[in-house]
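For reference, the structure discussed in these notes is given below.
The values are calculated or read from the model by the stated rules, or taken from the named source; none is laboratory data. Bear in mind the structure is a predicted one, so any value in this text is a computation, not a measurement. FYI the Cβ positions are ideal-geometry reconstructions off the backbone, even for glycines, and counts take in every protein chain you see.
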Amino acid sequence: MLQLLRSRAFSLALSCGILLSATLLVEGCHRVGGPECVVLPATRPEEMRAYVTTLAGFGEKAVGSEAGSAAAAWILREMVALGLEDAHCEEFSFPYNAYRTYPLTITLGGQPQELTYDVLEASGGTAASGLRAELAYVNIGAPEDFLGRDLAGKIVVLKRDENYDRSVQLQNSIAAGAAAMLYVSQAPGNLRQVGTVRHTFEPSHPIPALSIGKQDGQALIQALQAGTPVSASVRLDVTLSPLDAPGHGRNVIGRIPGEDASRVILVSAHYDSWKAGASDNASGVAGILGVARRELVRYRQLGRRPRYTLVFIAYDGEEIDLYGGYDYLRKHVFTPQPQLVLASVNLEMPVGADLASQASYPDTALPTWSLIHSRIAVLEQTLAAVGRRLSTPLYPKLQGIDDIARISGGIIATDIQPHFRAGIPTLCTWTGTPWYHTSMDDPEHLDYAFLARSVDYFGDVLAELMTHAPGEFAEVDPSLLKAKVTPGLRSTTTEDLTVEVEVTGLTGQPAVGVPLTVELLVRDFFPAWSDATGRIVTDTSGRARFTVPAAALNLAPDGRFLDVTGGKDYPVVEVSAPVLGP
């Protein structure tokens, strides 16, 4: 309750801060008829600190938790207080895991010792008797690290790599026959970095995945590289939530209606977190609230609405499976009457570490911060135009989202993944901090001056996007394909479901020989059936057909979706299609 009272005080202080700010910026605003100017106050660092401190104060905001629900309620109140219209929550269901842990015992040179560890979310369990096996070091667990190695039944030790997704590391370990994975954190000291290893929508895996500290991990790696035999005893019990007792997450949404209300630009950030999650991602939620407040001031001064509707979204469930981003598209885009989303602007850790951390840990904290984006003209022109107004670049590195997917093993580890794959013009911040996913990701380790500048920067980005005609947003990133999924209609519950998929290039030509991964999800995000064998492949007409068994469809009558991804090396198209009928 004390946190909620404090949040109301912060809200009043923040609202007053706009009016009292002494620093003014002149920014260009445009409507269809030509440019207009409006004077806006610069966002103040202390305003951002207040937001971040409040959100971090809720603690670990796991999707479905009491802390997450409290944070959602606070964000909703802030959206209402700011004046966003139609502020509301949209709920979804998901499967979750419960873990019972036991000591992790390492035997090195004949001497046993216990290591502290964290379970990576979606880890598999062991048999009731536990697992005892030899350790083997596989660097970062990329495919080349497994070549020529007999790792069957062994526990692989691999290092976190900020560019290579941990879920891909686990997939590679499973494919190599490993019995478990020890994930060596790269945070300072012996801090353990937590996270999920869900790769698509699977809630758990066949082998355990545990995170250990860097100091402990380095000792194991050095011993293994020296040829010293090292073994471990592991036991982990995992219980998956049943279909009739799901977890519940909720996205928080508000909007500024546009003159062209049917076309929208999304401005988003996730609020669920590991630990307090100040950088990841209270900073992003603080950012979208700051941008919303700024845009409301802008259009009140202009005495009109923005050209397009601005939809502000605080996503839930990003940390375990990007649930919030997928759920929004299902409800608003992958529907019979889709919302016309012109662009998706996502603030994923818009700011990294504070200046003291940058000085102490230059290898992991220097501000090599970047913006990743769809490679299309309207976004490139917007970023160039806004960048020309700055004396120094705020985000010095601009790169295509396809670059991130390529080096990470195909994963885009934030809510924009389905947006980008669906062909929506997408822009996202991409920064780093040595405290990523640790207990030290707290309000004392952020650069608030930078975060305040980023709010003003993204206000400029939105104003610039408003100057572009709707047709300019129709371009699709050249790395992508397009897909149409057509489920048949069953007349009875005893029938299987035939589904047709058509995949094309960006100019409409058939995409031939594209392997598809298909998943049926029920009750929103419970996996009911899948085929990732690579046997479903588009033919010479760019089409493929598959059949979903009736038994899977009948697991639940509500929240049924087919998720289809396609790509030869990694997904370059993704579509979710609702399954209707009995």
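Residues that are among the small types (Gly, Ala, Ser) and closer than 21 Å to residue 165 by Cβ do not occur anywhere in the stretch 536-558.
Considering 152, 98, the condition of being farther than 22 Å from residue 268 by Cα, out of contact with any Phe, Trp or Tyr (no Cβ under 8 Å at 6 or more places or on another chain), surrounded by fewer than 16 Cβ atoms within 10 Å (Cβ to Cβ) and in contact (Cβ under 8 Å) with a residue 40 or more places away in the chain is satisfied by 98 alone. Of the residues in the stretch 101-108, at least one is of a type in the set (Ser, Thr, Tyr), at pLDDT 95 or above, touching a Pro at 6+ places or on another chain (Cβ under 6 Å) and in the same structural domain as residue 218 (by TED's automatic domain parsing). In the stretch 548-560 there is no residue that is in contact (Cβ under 8 Å) with a residue 12 or more places away in the chain and closer than 30 Å to residue 59 by Cα. Remark: residue 456 falls outside the filter, which requires a residue to be among the charged types (D, E, K, R), surrounded by 17 or more Cβ atoms within 10 Å (Cβ to Cβ), part of a loop (DSSP other than H, G, I, E, B) and under 25 Å from the mean Cα position of the chain (by Cα).
In this entry, residue 451 passes the filter for residues that are in contact (Cβ under 8 Å) with a residue 40 or more places away in the chain, out of contact with any Lys or Arg (no Cβ under 7 Å at 6 or more places or on another chain) and either surrounded by fewer than 17 Cβ atoms within 10 Å (Cβ to Cβ) or not polar (S, T, N, Q) (or both). Pairs linking a residue in the stretch 56-70 that is assigned to a helix (DSSP H, G or I) to a residue that is of a type in the set (A, V, I, L, M), with Cβ atoms under 7 Å and 6 or more positions apart or on different chains, are 56/276; 56/278; 56/282; 68/62.
Scanning the stretch 106-124 for residues that are assigned to a loop (DSSP other than H, G, I, E, B) and either surrounded by fewer than 16 Cβ atoms within 10 Å (Cβ to Cβ) or more than 25 Å from the chain's Cα centre (by Cα) (or both) yields 109, 110, 116.
Among the candidates 308, 271, 299, the residue that is touching a helix residue (DSSP H, G or I) at 6+ places or on another chain (Cβ under 9 Å), over 30 Å from residue 168 (Cα atoms) and among the hydroxyl-bearing types (Ser, Thr, Tyr) is uniquely 308.
Of a type in the set (Val, Ile, Thr) and in contact with a His (Cβ under 7 Å, 6 or more places away or on another chain): does that describe residue 184? The answer is no for residue 184. The set of residues from the stretch 415-450 being hydroxyl-bearing (Ser, Thr, Tyr) and under 18 Å from the mean Cα position of the chain (by Cα) comprises 426, 429, 431, 433, 436, 438. Here is a check on your reading of the model: is residue 499 assigned by TED's automatic domain parsing to the domain that holds residue 548, touching a residue at least 12 places away in the same chain (Cβ under 8 Å), under 15 Å from residue 542 (Cα atoms) and touching a Phe, Trp or Tyr at 6+ places or on another chain (Cβ under 7 Å)? Yes.
Filtering the stretch 423-448 to residues that are buried (at least 24 other Cβ atoms within 10 Å of the Cβ), assigned to a loop (DSSP other than H, G, I, E, B) and of a type in the set (A, V, I, L, M, F, W, C) leaves only 435. A count restricted to the stretch 234-256 and to residues that are charged (D, E, K, R) and over 25 Å from residue 315 (Cβ atoms) stands at 3. For the criterion of being assigned to a loop (DSSP other than H, G, I, E, B), farther than 22 Å from residue 201 by Cα and out of contact with any strand residue (DSSP E or B) (no Cβ under 8 Å at 6 or more places or on another chain), residue 557 fails.
Is at least one residue of the stretch 386-398 crowded, with 20+ Cβ neighbours inside 10 Å, within 20 Å of the chain's Cα centre (by Cα) and in a strand (DSSP E or B)? Checking the stretch 386-398: not a single residue is crowded, with 20+ Cβ neighbours inside 10 Å, within 20 Å of the chain's Cα centre (by Cα) and in a strand (DSSP E or B). When residue 565 is tested against the conditions (1) crowded, with 21+ Cβ neighbours inside 10 Å; (2) hydroxyl-bearing (Ser, Thr, Tyr); (3) over 23 Å from residue 419 (Cβ atoms), the lone failure is (3). Residue 551 - would you say it is surrounded by 15 or more Cβ atoms within 10 Å (Cβ to Cβ), on the phi < 0 side of the Ramachandran plot and outside the structural domain of residue 316 (by TED's automatic domain parsing)? Considered against the rule, which asks whether it is surrounded by 15 or more Cβ atoms within 10 Å (Cβ to Cβ), on the phi < 0 side of the Ramachandran plot and outside the structural domain of residue 316 (by TED's automatic domain parsing), residue 551 comes out as no. Selection over the stretch 71-105 of residues that are more than 16 Å from residue 320 (Cα to Cα), aromatic (Phe, Trp, Tyr) and assigned to a loop (DSSP other than H, G, I, E, B) gives a count of 1. Residue-level check: of (1) in the same structural domain as residue 79 (by TED's automatic domain parsing); (2) outside any helix (DSSP H, G or I); (3) of a type in the set (A, V, I, L, M, F, W, C); (4) crowded, with 16+ Cβ neighbours inside 10 Å, residue 292 misses just (2).
Hey, does the stretch 504-513 have a residue that's closer than 29 Å to residue 558 by Cβ, of a type in the set (S, T, N, Q) and in a strand (DSSP E or B)? No.
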